[in-house]
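The structure appears right after this line, and notes come after that.
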Amino acid sequence: MTNTSVSNTVRLFGAGLRALLVLTLVCGVIYPLAVTGVAQALFHDRANGSELKDRSGSVVGSSLIGQTYNLPKRNPDDAEEAPRPDLKWFQPRPSNGLGSNSVNTQYSLILSGATNRSGDNEDLIKWVTDAKAAVVKDNSTASYKVKPADVPADAVTSSGSGLDPDISPAYAKLQVHRVAEKNDLPVNEVEGLVADHTTGRLLGFMGEPRVNVLELNTALRDLIQG
């Protein structure tokens, strides 16, 4: 009886060990390698984080995550100093969750999330009002005046995640004259950049046309550097 009990225990232990080894091999080695191989073969760019490279081959960020383009702080030790946009670059949607980039200088992701404030919240109304005034002021040039009615919603509101990499074609076009002036470029050349980096609706009817800010600014930098 004792020998039979020991034999059954050993047999069960051996079966469990074999199952563990087989499942570890299949689920922990073969399956991950197969999925990784398929992803690298068919979706190489996406599998590696949708990295965006400039003309020199340097990685400047991911096309899936928005980035800000701000001037360095006047006082690096002042945590309360408000960021000032670097107006030589196209600006993304407003957000406190984006890392800083000019282009991709010590990029760091801070946080993700929306304001979670209702449409009648006084703070939100002030933020939007102030943002609209800043967009009008920053993008008006000697030969091009922006009207408050010209400012699209995405220029003054953040996305739900706060990390939206895209802006509307309307917001990109609104910035063209300012970017051209700051970089001593012809307006039509900058308009061409925007047109080249405008993506239409998916399958012709899903979503909205959009412009990826990082891709656009990377092309702008390549154009400036010749």
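Before moving on, here are some points about what is shown:
- Within the range 86-96, not a single residue is at pLDDT 80 or above, aliphatic (A, V, I, L, M) and outside any loop (DSSP other than H, G, I, E, B).
- Check on Asp164, crowded, with 18+ Cβ neighbours inside 10 Å, in contact (Cβ under 8 Å) with a residue 40 or more places away in the chain, part of a loop (DSSP other than H, G, I, E, B) and in contact with a helix residue (DSSP H, G or I) (Cβ under 9 Å, 6 or more places away or on another chain): yes
- Unmet requirement for Ile65, which otherwise passes all of (1) of a type in the set (Val, Ile, Thr); (2) within 23 Å of Thr157 (Cβ to Cβ); (3) at pLDDT below 80: (3)
- The lone exception for Val211 - which of (1) among the hydrophobic types (A, V, I, L, M, F, W, C); (2) touching a strand residue (DSSP E or B) at 6+ places or on another chain (Cβ under 6 Å); (3) in a helix (DSSP H, G or I) it fails: (3)
- Inter-residue pairs, beta-carbon under 6 Å, first assigned by TED's automatic domain parsing to the domain that holds Arg93 and under 18 Å from Pro92 (Cβ atoms) and in the range 127-149, second modelled with pLDDT of 95 or more and charged (D, E, K, R), 6+ apart: Asn139/Arg178
- Leading residue by the ranking (modelled with the lowest pLDDT) among those in the range 1-54 that are of a type in the set (Gly, Ala, Ser) and surrounded by fewer than 10 Cβ atoms within 10 Å (Cβ to Cβ): Ser5
- Reported count of residues in the range 128-161, each being polar (S, T, N, Q) and in a helix (DSSP H, G or I), is 2.
- Asp222 of a type in the set (D, E, K, R) and either at pLDDT 85 or above or in a helix (DSSP H, G or I) (or both): yes
- Flag for Ser5 being more than 29 Å from Thr218 (Cβ to Cβ) and either assigned to a strand (DSSP E or B) or of a type in the set (Ser, Thr, Tyr) (or both): yes
- Set Arg18, Arg74, Arg55: member being assigned to a helix (DSSP H, G or I) and not hydrophobic (A, V, I, L, M, F, W, C): Arg18
- Of the residues making up the range 150-180, just one is among the basic types (Lys, Arg) and either closer than 23 Å to Ala82 by Cα or not assigned by TED's automatic domain parsing to the domain that holds Gln91 (or both), namely Arg178.
- Residue count, the range 157-173 (criterion: farther than 20 Å from Thr218 by Cβ and at pLDDT 95 or above): 1
The values are calculated or read from the model by the stated rules, or taken from the named source; none is laboratory data. Because the structure is predicted, anything quoted here is derived from the model rather than measured. Every residue, glycine among them, receives a Cβ derived from its backbone with ideal geometry; neighbour counts consider all protein chains shown.
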